[in-house]
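FYI, it's all coordinate maths here, none of it is from the lab. Note that the coordinates shown come from a computational prediction; the quantities given were computed from them, not determined experimentally. Methodologically, a virtual Cβ is constructed for each residue, glycine included, from the backbone with ideal geometry; neighbour enumeration extends over all protein chains shown.
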Amino acid sequence: MKKINKKNLQQLSETVAVLTESEQKRFIGAAFYYSYEGNLLGFMGDSCEVRVVDAGTFYSLQYCNDDTCLFGSSNSLFYSDEQTQANVINYMAMELGLSNIYVGALYDKVGNLLYTSGGRTTHFGTSYTYPDGSVIYDHQYSYITINNVSDMFKNGNFYDIMCTLIHEQDHYENYNFYTHENVASEYYAYNVTIYNEYFEYASSEFQESIYSQYRYYQNLFYNMYY
Ligand SMILES: [Zn+2]
């Protein structure tokens, strides 16, 4: 057996470094490429990042797919303008049967930017108060906003975004203004966030944060109902 000494340890670490570099090279340029109008142009490799590029550039550079070519000529979703972001998000949402998704910054109740929420579903309604004091509430519509200042959006992972859309879709489709209860609603929405075909490919930081939110609401839910 070869004795390990300082010299061959050095050689070993160089080999490892070279391997790692060539491993990384295979992934450079890998992404989901969308046009500014929001159409999916194609995807390459096994990176999950959503990138934006004009169609002409994509078709002329798609076979020159490295850092200085296609990837370098494209923009991240985060640094794209809001209209482009909305185009891409709505194209992705179409796959889930959703439309008219808003893209913008979300704030908490006191006006601080929210970095940890990927999206929000807002329910809009009007209430009428009758002379006898009784109130009738009329639900008009709901809409989904994807938070373009969130960590989720900044990472721009295709699967994280799909899971976020699915989460909001659950809020959107299952809203009932007579029976709405926040804990139950979040518990169900986190359930579908985890148990859908996209979740296993989501980024590990996204998965971790979803699992911890899920456990949080699961606890509250079982304490309330059982
Ligand atoms: Zn939610």
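Where the only charges are on Cβ atoms (+1 Lys, Arg; -1 Asp, Glu), what is the dipole of the range 97-226 about its Cα centre, to the nearest 20 debye? Walk me through the numbers before you get to the answer.
Details: 4 positive and 14 negative charges, 46 e Å.
With only Lys, Arg, Asp and Glu charged at Cβ, the dipole is about 220 debye.
Can you tell me the length gained on complete extension of the stretch Y201 to Y63, counting 0.36 nm per residue apart and subtracting the Cα distance?
Working: separation 138, 0.36 × 138 = 49.68 nm, distance 2.54 nm.
Contour length minus the Cα-Cα distance gives 47.1 nm.
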Taking a label point 7 Å from the Cα of M224 along Cα-to-Cβ, the residues of the range 94-127 whose backbone nitrogen sits under 19 Å from it are 120-124
Once D151 and Y178 are pulled to full extension, the length gained, defined as 0.36 nm per residue separation minus their Cα-Cα distance, is 6.4 nm
